[in-house]
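Let me begin by presenting the structure, written as structure tokens, before commenting on it.
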Amino acid sequence: MPHPPPVLRALSGLLVGFLTVSSQALAQAPAEAAAGDIPFEEYRLDNGLHVILAPDEESTSVAVNLWYDVGSRHERPGRSGFAHLFEHLMFQGSENIGPGEHPQLIERAGGTSNASITEDRTNYFQTVPPERMNLALWLESERMRALRITEENMRREVEVVKEERRLRIDNSPYGTTQLAAGYYAAYDSASCFAYAHSVIGSVEDLDAAELSDVQDFFDLYYVPGNATLTVVGAFDETPARELIEDYFGSIPAGDAPPDVSCEEPFSHLPVDQTIQDSNATLPAIFLSYGTVETAHADAPALSVLGRILGEGQSSRLHQRLVRGEQVAVQTAAFSSTRRGPGLFQVIAIANQGVEAEALLVLLDEEIERVLEEGVETHEVERAQNQLRSSVIRSRQTVMGRAEALQSANHFHGTPTAILTAVERVARVSPEDVQRVAREYLGPDNRAILRTEPGSATGEEDR
Amino acid sequence: MNGSSVARAVSFAALLLGLALGPDGALEAQQTEPPEPLRERLLAFPEHEEFTLDNGLRVIVLSYGGQPVMSARLYLPGGRAGEAAGQAGLASLTADVITRGTTTRTAEEIAETIEGVGGSLSASAGQDFLTISATTLTEHRSTAFELLEDVVEHAVFPEEEVELARRQTLSGLQAELGQPQSLASRRFAAIVFGEDHPYGFRATPETVQALGRDDLVEFRDRTVRPEGALLVVAGRVEREEIETLLRRHLGEWTGAGTPLPEPPQPEERDETRIYLVHRPGSAQSVVSLGHLGIEPGNPDYFALQVTNRVLGGGSDARLFQILREEKGWTYGAYSQFTRPAGRGHFMAQAEVRPEVTDSTVVEILDQIRRIREEPVPAEELEGAKSFLAGSFPLRLETADQVAGQLASTLLLGLPLEHLTEYPERIREVDAEDVRRAAARYIDPEGAAVIVVGDGAQLGDRLEALAPVEYFDVRGAPLAREEVLAGEEVGSSWDGERLEEGERRYEVYVQGEPMGTAEYALERRDGDWLSRVLISSMGSTQETVLRFSSDFVPKAVTQEVSQGPMQIAADLVVEDGRLLGSVDLPEDLGGRREYDQELPAGTLFPGMEEYALAVADLKEGVDLLVTYLDLTRGETVRLEARVVGEEEVTVPAGTFDTWRVEVSGGDTPLTLFLRKSPPHLLIRQEFTGQPVRFDLIALTHP
């Protein structure tokens, strides 16, 4: 029987990798389309720590969730990937806690914990039974107060992060194209380095990390005034306030971090680049259009447009390119907004024997069709239903609600945005969708990235 | 919660520390140890309401959760427990197809309807129940009940959907039979419960192949009935309204399910015996050790939960800590007590390197004796209890989670307190309870020890521990001598049965043509010369083979090119020695030189297909083929089994074929080989991957 070449065995990997792309679009949704009420209180400690408390009699557990207003956009040239490295280092122990001990203590208490990072923020979170809320709060205060990093564990985490990069980018089909489409080709790196470089960073920059950088970064960004602590679930407000004051109140305030600059990030567009990708086996087209920040009035219509064009089997791109003309094996479209200017991304991976150029022609026809003829009411409704459902569903857990409050606070400036954002999506009309398509999806406002399977290495992420 | 006293306690501790650090007065007092738990919060388990429709459907409504979502889950007695032995797989196949078409909606229309409101609709078969669930936002609840009604009352089981589901099931099964883990759990069930007990038998390719649409309809008719079923509606819903909706949508639904047959009484064991599933060349052994367990209502359940957590219930439990962390024998080691509707089981399981298989069995038995005899130290006991009690509230977050817990408690016929008082009951367990429960319910002298692994390597050492019975991977008994004799290599293949000719295949990925494979076989000086060129998605692989008419390999060259990756092999066999080299990319190990004996009967890759072409095929036949994997330098043993006949239509025509399932390689395969000899490949499918080869042209006679 034929032993197929490795490419065929790797195919399922390709499909999985691609799914990850569209899940980013989903993950973005809560920031844009909040629904469901979450009563809360907010206040600040004297040292500037922003606290959001959402006690809730019906909950059975407690989420302790801490967002630091630091992401890859705060990195300076030469130190890309540093915010992510730092997220790893936060598990390497503090004054009274050994390396790796934090998640261990949480698990023994019956809870769960983790952390993550994007361009715009870093979050640390745990869900615990009510009587261990104090443990989670104390552990978070420990590492905010007195993180302890040694040269040795920093070097080890640098290697862990480099391995993560190798796995997710360098050895992953379309990984290099994704970096171009999401960062350095889509944004002008001269005027907006903040978004023109990736979260994962470059290997050279990671290697250049020094222990003094770690302390500087910690002192600058991991200060109470730059963080928001959200506690959601089964607790009473007064004792929670007292615990928070006890654990966090004495942490020195620190100074306000400098602003991030991102002026005219899309003035360099249009861009048209071809990327050689040795991991890819099929040509692909990635389109990135410059759009708006999450809080912008056009963001909800853009996310509805993304679903209509490229989410699921009934989406337009799937119907036309995958099922109808059979020129693509997969398609996707989604709005990816952020704190600063965002992107609208369209992706298609060619079928065997199809040139990237042919995909581009069809993608352009479908986009043109939206610009000319608009979209159908039932398409808008389906998108709204799905967005609404996924947002509401995510709020069933204390962690989901904590993230929703954080997200509203971070991207819209106030946790109350959880109430208004849902209406923003519900108000989107077919005319709005056509209008934003016309506004942002013009040929002069985009980066075209063509993936060419082949031997040369991809352009380096800067 | 008495929060302020906690806060005071903390401040008090801080004060003491402040004094301790006192002299320079500069340091802020603060907590330096993880704080003690706060006072426990009373967890009021959510209330539910219950009523019964006129048709006998028992309904639970759980108004719970702050978000406007709801789920409706219908539990119908008769999952796998409703199958007859010869029909294993029926419940699961019925569940797969029941949502794929009704008298008013096609499968696509059902999918579009539920996706249009951002909801989900699914069905699955468990050990004791068939479950059908619909989940939507509360505002779309009528869509959920409409679809539920349609599926429950009007499913039509379209023939093509049955076939599709059968193929998916067969692929899944085939993959399962290739995994030592599943082989172990299948044999464990068969030994502990008996092959005539519904908990003891499992679906096989043969039973699934034998199921027809009529069987599914019949199973539906006796299972999907309101009387005896339980419907749990959970979320932000109101009882009155749900009742009205249910009367409208499920009020006309009638009938009683057929009572499940009383399963045979499984036999208690009175000796420890080893059951070895012979998996030749297995690089890993799986040990599953255990016996019958408890009935659902057993009051010692809570003590056993703690016992299990200490013994093998997590990565901080004894089995994991000792077998993996201390000894480094294993990738994982766990134990469990199950609690199904009938009798449950106890099982400890570990996956280990072959050479420590017997030591693992001994160690697990030792750990069982230890927990039966020695009281668990206080700290270990507290750790286990605090994990179990602490994680309980985290499992009750959503309405769906609560509904699931509620349903399983009620369906097992347990008092509600078993669920609502779980944390308290766990906290009451003491060291003596654990020792007593372990002594009573875990028996090292009456354990069935299932070992999946290479019997030739393991047999003698295991026989030193206990009597051993041998089985093949499909559960058929094997003679001891047959297994211990080791590899029965050198199967002879008659090359005279091959014929010159050319073949061409299309490669399909997700149903789309994505490449070709070309074959040419010719006589050359009394030998056979085979050329195979596969090109697909930008990569090519060309293999040229030379072998004698009695299937002795003589030479092979292979070139693989995929993007920058190149593999080149050039090997010859001289006087039984394999000479030459294989060039691999650096990350696959670089250049590999060969100068070694080629064991008799070992083929070059690609020859196995010709071996099957000349074999005597008939239903039920098992063939073993060993070939050399050039990139790894290891021999690979393929097992090919003829599972049935099938008419297959490919671009080259319609053929009567043998359906042959192949396991042991990278990916399990299904081959369709022409019935008339030589048995040429007509179609090849890769289990679990959307890739297929179809014959498009043939110049063989």
Please compute the length gained on full extension between residue A:259 and residue A:163, using 0.36 nm multiplied by the number of residues separating them and subtracting their Cα-Cα distance. 31.4 nm
Built amide H within the under 5 Å cut-off of residue B:31, gap 5+: none
Multiply the residue separation of residue A:439 and residue A:373 by 0.36 nm, subtract the distance between their alpha-carbon atoms, and state the gained length in nm to one decimal. 22.3 nm
Residues in region B:320-362 near a label at residue B:262, defined as backbone nitrogen under 20 Å from the 7 Å Cα→Cβ point? B:341-344
Let me have the relative contact order for chain A, percent, based on Cα pairs under 8 Å that are six or more residues apart. 25 percent
Exposure proxy order (Cβ contacts within 10 Å, fewest to most) of A:88, B:278: A:88, B:278
Within region A:132-148, backbone nitrogen closer than 18 Å to the virtual label 7 Å beyond the Cα of residue A:156 toward Cβ: A:147-148
R0 = 56 Å: FRET efficiency of residue B:113 with residue B:481, Cβ-based, nearest 0.05? 0.35
For B:138, B:254, order by how many other beta-carbon atoms lie within 10 Å, fewest first: B:254, B:138
Rounded to the nearest 500 deg cm²/dmol, what is the calculated helix-only ellipticity per residue at 222 nm for chain A, with -39500 (n - 2.57) per DSSP H run of length n ≥ 4? -12500 deg cm²/dmol
Straight-line reach check, residue B:618, cutoff 25 Å on alpha carbons, 8 or more apart in-chain or any other chain, hits among lysines -> B:675
For residue B:120 and residue B:160, FRET efficiency with R0 = 22 Å and r from the beta-carbon atoms, rounded to 0.05? 0.45
Does the protein assembly as shown come out rounded, prolate or oblate by the C-alpha gyration tensor, with a ≥ b ≥ c the root eigenvalues, rounded set by a/c under 1.5 and, if not, prolate when a/b is larger than b/c and oblate if not? rounded
How high is the FRET efficiency from residue B:40 to residue B:380, r the C-beta distance, R0 25 Å, rounded to 0.05? 0.70
Cα gyration tensor category, rounded, prolate or oblate, for region A:41-248 with a/c compared to 1.5: prolate
Tilt of helix A:356-373 relative to the longest C-alpha principal axis of chain A, in degrees (0 to 90, nearest 10)? 80 degrees
Once you keep just the Cα pairs under 8 angstrom separated by 6 or more residues, what percentage relative contact order results for region B:273-484? 39 percent
Arrange B:543, A:451 by Cβ neighbour counts within 10 Å, fewest through most, would you? B:543, A:451
Per-residue average of Cβ from other chains inside 10 Å of B:511-518: 4
Place a label point 7 angstrom from the Cα of residue B:675 along the Cα-to-Cβ direction, then list the residues of region B:610-636 whose backbone nitrogen is under 11 Å away. B:619
Report the label-to-label distance for residue B:499 and residue B:214 in nanometres (one decimal), using points 7 Å from each Cα along the Cα→Cβ vector. 3.8 nm
Go ahead and estimate [θ] at 222 nm for chain B from helices alone: -39,500 (n - 2.57) per DSSP H run with n ≥ 4, summed, over the residue count, rounded to 500. -9500 deg cm²/dmol
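Every read-out reported here was derived from the displayed coordinates using simple, explicitly stated rules and does not represent laboratory data. In this text, all values refer to a predicted model and were calculated from it rather than measured experimentally. In this analysis, Cβ positions are derived from the backbone assuming ideal geometry, glycine residues included, and neighbour counts consider all displayed protein chains.
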